[in-house]
Amino acid sequence: MPDTFKPDTPEQVRDAVAWAVSEESPLEIVTRATKRTIGRPLQTANTLDLSGLSGIGLYEAEELICQAGPGTTLAEIEAALKAENQRLAFEPMDLGVLLGPGDGRGEGHQSIAGVFACNLAGPRRIKDGAARDHLLGFTAVTGRGEIVKSGGRVVKNVTGYDLSKLVCGSWGTLAALTDLTFKVLPAPETETTLLLHGLDEAAAVRAMSAAMGSAHDVSSAAHLPADITAGGVGGVVTALRVEGIAPSVVARVAALTGEMAAFGVAVTVIEDTASTALWRDLRDARPLAEPRDRPVWKISVAPMVGPRVVAAIRPLVAECAYFYDWAGGLVWLAVPPSADASAGAVRRAVDVVGGHATLIRAAPEVRAVVDSFHPQSGPIAALAKRVKDSFDPKGVLNPGRMTAGA
Amino acid sequence: MQMPEPDQEVLGRRSEIVDALRAIVPGEGVIADEREMRPYESDGLTAYRTLPMIVVLPETVGQVAEVLKYCHANGVKVVPRGSGTSLSGGALPLADGVLLGLGKFNRILDIDFDNRTVTAQPGVTNLGITTAVQHEGFYYAPDPSSQIACSIGGNVAENSGGVHCLKYGLTTNNILGLEIVTVEGEVMRLGGKHLDSEGYDLMGLLTGSEGLLAVVTEVTVRILKKPASLRALLLGFPTSEQAGACVAAIIGAGIIPGGMEMMDNPAINAAEDFVHAGYPRDAGALLIVELDGPEVEVDTLIDRVREIAEANGSTTLRVSDSEDERNAFWAGRKAAFPAVGRISPDYMCMDGTIPRRQLPEILTRMTKMSEKYGLRVANVFHAGDGNLHPLILFDANQPGELDRAEAFGADILKSCVELGGVLTGEHGVGVEKRDLMPEMFSETDLNQQMRVKCAWDPKGLLNPGKVFPVLHRCAELGRMHVSRGQLPFPDIPRF
């Protein structure tokens with residue numbers, strides 16, 4: 001009978017992991033369990049549920065820091081920040097939109113530990129970084145059953161190795177987080193989005209590059225092909241977001257509109273809630289949520305080569321749907337259901353230009369045979385395995401979730 | 001400063017090692033003459049000096065790999081060095097080690113304005129990257145004060161910051177890709193021109209690892225368009241408390257300035273004596289607040305900051321109306337270290353960080369320590385992020401003063417940790433703060449960090465004696481005490 005352990009204290013987390021080590025019985029690590037369908041399916045006897053370690057411990061708006069237990073929901077944290085006109089600048093996406101309720105709990109439920117352990121971000125990633133750029137310090141239980149801390153509660157800190165970077169994007173394979181301290185930033189007063197209508201994809205990445213390379217502090221740049229609609233915006237459209245204090249936004253939108261005239265297409269503007277709705281849908285890849293049986297890839301490449309990757313995949317994969325974020329550097333791609341989720345075609349196209357493709361949504365039987373995380377070269381994979389072993393020598397924390405070795 | 005005992009067996013093989021390295025790096029790339037090695041005996045932390053066993057200056061990645069492979073196979077320690085500007089002794093040589101200088105890796109390899117990246121060899125200076133792209137109006141954001149001299153490879157090793165990092169981040173937030181060589185001589189690429197990692201963020205781990213994990217041979221950074229407008233305010237306050245309250249109010253109002261620097265009264269007067277920047281000599285604290293961005297935004301925020309400063313009791317308030325005036329505001333701050341150097345034979349620059357609201361407390365403590373040790377202290381801070389740079393004034397020629405200055409510095413850093421801060425904000429641990437690491441980390445914490453080191457460097461040959469106060473063998477660290485058959489924690493709720 002599989003057990004779910006739900007500790008209330010870091011010491012209980014330590015005891016649970018120490019027991020798993022002594023029994024050589026691996027654990028699945030979850031907090032709010034909204035992303036458990038990502039990665040290689042786990043076959044663990046027991047689950048360690050960290051959602052009991054919940055709550056905001058410290059929030060100092062003027063120091064730009066917040067500290068919370070792993071099970072604290074992102075919703076709770078975002079509400080607290082909003083009350084002080086602050087936010088998480090990296091705009092963590094809600095994978096629940098793509099993954100659906102299914103095995104997980106759907107949208108709006110994810111925990112702060114999940115946000116950092118999966119290194120989430122959103123459209124503002126190109127300007128303000130990802131979760132990894134905002135975690136200042138943590139306490140966690142390693143696979144050795146030891147409570148360790150790293151980093152601190154100040155923004156500027158180079159004392160010891162930056163293990164915060166390692167735990168971000170480790171998907172619970174290195175340590176079970178018991179406490180997180182992260183950076184928060186002021187929210188802008190207003191936002192406006194420029195929409196360029198009808199650019200082909202090559203021209204769209206040039207326009208996005210020009211916008212990102214301008215002095216107008218563009219915070220996000222996305223391109224939607226004809227069949228994609230987000231936040232009520234559809235048609236072939238290239239979107240550029242400008243955020244900040246009102247007079248600055250007005251001036252920058254005007255200047256940017258003038259500069260984009262060189263691309264020779266109609267330009268319109270959406271403001272405030274309409275702009276927010278568009279970027280929220282793009283953040284969560286909502287345009288690809290339905291139909292639910294389609295596998296979804298998240299592809300990260302250099303911004304200018306996004307369309308080249310898509311052009312290499314399309315002749316090989318019938319009826320895919322996609323859109324670009326991160327000025328062309330992020331391709332969200334949905335493919336028809338198949339035994340390998342078109343992994344061969346996708347990964348070959350990415351390997352030609354350099355980057356990685358992560359399988360975010362696929363049926364368990366697909367994830368059992370296809371690497372969800374982009375395969376690494378032999379020496380890097382071997383190094384990653386040694387890093388895993390340094391935290392979790394017996395392989396008791398989410399073993400095999402990211403790769404067969406880690 | 002206790003360094004690992006030089007290995008006599010290795011020193012006995014010195015001439016053999018020199019010959020082997022000369023076979024890899026021909027010509028003048030291997031320096032074994034004592035006089036010629038002298039320039040490498042210390043880095044920016046000149047209080048500590050050690051002559052290396054051999055200096056090697058490779059020119060190709062292949063040579064770096066071969067040198068490391070040889071040293072690894074033959075049990076020879078290696079200390080990597082960029083421009084040697086570390087303020088924590090990160091590039092302090094070892095008497096029984098090879099000093100691996102990367103100064104010849106000084107080329108920019110790729111400038112990609114479309115993707116907004118520059119790829120450079122590690123010996124290119126920080127400022128050299130901006131110089132290479134400024135004709136198109138771009139720049140590289142992190143700007144450590146040594147940016148004319150410090151190398152981008154060294155910036156990666158130290159995770160360097162600078163005046164603008166509150167708004168634009170540290171090195172780790174501004175790099176996209178690395179080429180590295182492991183101690184075993186394996187060449188690897190991490191990242192590239194794309195974002196995020198396909199697996200563990202090894203690039204993030206490597207950044208700030210102080211040359212203990214691998215040698216960086218190529219760096220890809222992101223570049224930004226220069227802000228359209230830059231203006232600064234020069235604000236004087238009767239006390240540091242009021243200046244600190246003003247900083248908190250600015251951030252509380254949702255404003256993140258490009259730079260926000262504070263100086264205390266001794267630093268103000270030292271700077272004023274040196275560069276005559278027009279600083280108010282009677283002010284208890286001076287703030288320089290720089291706003292950058294679109295013109296309308298900067299002008300609007302300047303007015304908002306002006307109101308906040310007035311509400312917080314500023315006694316001096318000047319706003320720059322020209323580039324000359326803005327540069328004049330900065331002149332004293334930028335000259336603060338040499339200015340202090342003029343009023344004292346020697347000074348020691350510390351680098352702790354505190355939660356900002358603890359500023360009055362740490363200043364009070366420093367005043368008491370100053371009396372206790374009989375040494376003066378001047379303070380400059382990166383006010384926005386609580387990073388302190390106390391400058392302890394002493395005279396190394398007076399017996400005991402260096403020891404007193406070191407003890408004073410250690411007390412300041414211990415106080416930083418006590419108040420919720422950290423030992424080093426941007427200068428690194430190196431040898432300087434190595435023995436203070438237990439103030440911040442438990443033995444368990446440090447052992448885990450050393451296990452990460454073992455994953456990269458199982459023989460402990462890369463830059464040993466830095467960062468960690470006690471060296472353990474990897475086999476010893478890897479051991480695990482497992483007690484079987486214990487009842488699993490009856491008090492943990494399960495379902």
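Only the coordinates and a few stated rules stand behind these numbers; no lab work does. These numbers come from a predicted model, not from an experiment. Don't worry about glycine lacking a Cβ; one is built from the backbone with ideal geometry, like all the others, and counts go over all protein chains shown.
Please work out the Cα convex hull volume for the range A:84-207 and give it in Å³ per residue.
Each residue corresponds to 172 Å³ of Cα convex hull volume.
To the nearest 20 debye, what is the magnitude of the charge dipole of the range A:229-357 about its Cα centre, counting +1 on the Cβ of each Lys and Arg and -1 on the Cβ of each Asp and Glu?
Magnitude of the dipole: close to 280 debye.
Which order do the peptides B:118-124, A:227-233, A:41-47 take when ranked by the mean count of other beta-carbon atoms within 10 Å per residue, highest first?
The peptides rank, most packed first, as B:118-124, A:227-233, A:41-47.
Given the -39500 (n - 2.57) contribution per DSSP H run of 4+ residues, what per-residue ellipticity at 222 nm results for chain B, rounded to the nearest 500 deg cm²/dmol?
Helix-only estimate at 222 nm: -10000 deg cm²/dmol.
Would any residue of the range B:217-232 have its amide N under 20 Å from a label point 7 Å out along Cα→Cβ of B:Glu307? List them or say none.
Flagged as within label range: B:231-232.
In chain A, what is the volume of the convex hull around the alpha carbon atoms, normalised per residue and reported in Å³? Show your work: numbers first, answer last.
Values: hull volume 54.3 nm³, N = 406.
Spread over its residues, the Cα hull of chain A gives 134 Å³ apiece.
Could you give me the percent of Cα pairs per 5 Å distance bin for the range A:317-405, shortest bin first, beginning at zero and ending with the bin that holds the maximum distance?
P(r) over the range A:317-405, rounded to whole percents: 3, 12, 20, 21, 18, 13, 9, 4, 1.
Over the Cα atoms of the protein assembly as shown, what radius of gyration and what Dmax do you get, in Å?
27.0, 81
What's the magnitude of the charge dipole for the range A:27-101 around its Cα centre, counting Lys and Arg as +1 and Asp and Glu as -1 at the beta-carbon? Answer in Debye, nearest 20.
460
What do you get for the angle between helix B:295-311 and the principal long axis of chain B? Use alpha-carbon atoms, 0 to 90 degrees, nearest ten.
70
Treating only the Cβ atoms of Lys and Arg (+1) and Asp and Glu (-1) as charged, compute the dipole magnitude of chain B about its Cα centre; round to the nearest 20 debye.
Working: 45 positive and 66 negative charges, 132 e Å.
It comes to approximately 640 debye.
Taking the simple approach of a point 7 Å from Cα along Cα-to-Cβ for both A:Ala339 and A:Glu259, what is their distance in nm?
In this crude label model, A:Ala339 to A:Glu259 measures out at 5.1 nm.
Suppose a student asked you for the relative contact order of chain B, using Cα pairs under 8 Å spaced at least 6 residues apart; what percent would you report?
Reported relative contact order: 13 percent.
If eta is 0.692 mPa s and T is 37 °C, what Stokes-Einstein diffusion coefficient results for the range A:1-68, Kirkwood Rh from Cα pairs, in µm²/s?
240
Which translational diffusion coefficient, to the nearest whole µm²/s, is obtained for the range A:228-300 from the Stokes-Einstein equation, given a Kirkwood hydrodynamic radius over C-alpha pairs, 4 °C and 1.567 mPa s?
91
Go ahead and run the numbers for FRET between B:Glu5 and B:Ala73, Cβ-Cβ distance against an R0 of 25 Å, rounding to 0.05.
0.65
Compute the length gained on full extension between B:Ala253 and B:Asp282: take 0.36 nm times their separation in residues and subtract their Cα-Cα distance, giving the result in nm to one decimal.
Contour length minus Cα-Cα distance gives 7.6 nm.
Rounded to the nearest 10 degrees, what's the angle between the helix B:265-275 long axis and the longest principal axis of chain B, both from Cα atoms, 0 to 90?
90
May I ask you to evaluate 6.51 cos²θ - 1.76 cosθ + 1.60, the Karplus curve with θ = phi - 60°, for each residue of the range B:460-466 and list the ³J(HN,Hα) values in order in whole Hz, giving x for glycine and proline?
Per-residue couplings from phi come out as x, 9, 8, 6, x, x, 9 Hz.
For A:375-381, what's the mean count of beta carbons from other chains sitting within 10 Å of each residue's beta carbon?
Numbers: counts 2, 7, 2, 1, 5, 9, 1.
Partner-chain Cβ atoms within 10 Å, mean over residues of A:375-381: 4.
Counting pairs of alpha carbon atoms under 8 Å apart in space and at least six apart in sequence, what relative contact order in percent does the range B:63-145 give?
So the answer I get is 19 percent.
Which loop-located chymotrypsin sites (Phe, Trp or Tyr not before Pro) does the range A:13-114 contain, where loop means any DSSP state but H, G, I, E or B and the Cβ has at most 16 other Cβ atoms within 10 Å?
Filter output for the range A:13-114: empty list.
Taking Cα atoms, how many degrees apart are the long axis of helix B:323-334 and the longest axis of chain B, rounded to 10 and kept between 0 and 90?
Rounded to the nearest ten degrees, it is 60.
Hey, got the average number of other protein chain Cβ atoms within 10 angstrom for residues in A:321-330?
Details: counts 0, 0, 0, 0, 0, 3, 3, 2, 5, 3.
That average works out to 2.
Sticking with the crude label model, points 7 Å out along Cα→Cβ, report the distance from B:Glu36 to B:Leu471 in nm, one decimal please.
My value for the distance between the label points is 2.8 nm.
Taking each pair of distinct Cα atoms in the range A:173-263 once, what is the resulting Kirkwood hydrodynamic radius in Å?
About 14.9 Å, per the Kirkwood formula over Cα pairs.
Over the whole of A:118-124, what's the average partner chain Cβ count within 10 Å per residue? Rounded to a whole number, please. Provide the component values of the computation, followed by the final result.
Numbers: counts 0, 4, 0, 2, 0, 0, 0.
Counting other chains' Cβ atoms within 10 Å and averaging over A:118-124 gives 1.
Does anything in the range A:198-242 have its amide N under 11 Å from the 7 Å Cα→Cβ label point of A:Ala311, and if so which residues?
Within reach of a label on A:Ala311: A:201-203.
Restricting to DSSP loop positions (anything but H, G, I, E, B) with no more than 14 other Cβ atoms inside 10 Å of their own Cβ, which trypsin sites (Lys or Arg not before Pro) remain in the range A:256-324?
A:Arg292
Can you sort B:Lys334, A:Lys394 so the residue with the fewest Cβ neighbours within 10 Å comes first?
B:Lys334, A:Lys394
Please name whichever of B:Gly374, B:Val470, B:Trp456 sits farthest to the positive end of the charge dipole of the range B:355-494, dipole taken about the Cα centre and charges placed at Cβ: Lys and Arg +1, Asp and Glu -1.
Result: B:Trp456, furthest along the dipole toward the positive end.
Sticking with the crude label model, points 7 Å out along Cα→Cβ, report the distance from A:Glu319 to B:Phe113 in nm, one decimal please.
The two pseudo-label positions are separated by 4.5 nm.
With viscosity set to 0.890 mPa s at 25 °C, what whole-number translational diffusion coefficient in µm²/s follows for the range B:1-148 from Stokes-Einstein and a Kirkwood radius over Cα pairs?
Result for D is 147 µm²/s.
Could you compute the FRET efficiency for A:Glu24 and B:Thr46, with r as their C-beta to C-beta distance and R0 at 41 Å, rounded to 0.05?
With a Förster radius of 41 Å, E is 0.20.
Estimate the FRET efficiency between A:Arg348 and A:Ala368 by the formula 1/(1 + (r/R0)^6), using the beta-carbon distance for r and 22 Å for R0, to the nearest 0.05.
So, using R0 = 22 Å, E works out to roughly 0.55.
Work from the charge dipole of chain B (Cβ charges, +1 for Lys and Arg, -1 for Asp and Glu, about the Cα centre) and give the residue of B:His194, B:Asn327, B:Cys71 farthest towards its positive end.
Value computed over the given set: B:Cys71.
Take chain A, connect every pair of alpha-carbon atoms lying under 10 Å apart with a spring to form a Gaussian network, then pick out the residue of A:Ala345, A:Ala33, A:Ala318 with the largest mean-square fluctuation.
A:Ala318
Per q in 0.10, 0.17, 0.22 Å⁻¹, report the Debye log10 I(q)/I(0) for the range A:286-369, using one uniform scatterer on each alpha carbon and no solvent.
Once normalised to I(0) and log-transformed, intensities are -0.20, -0.60, -1.01.
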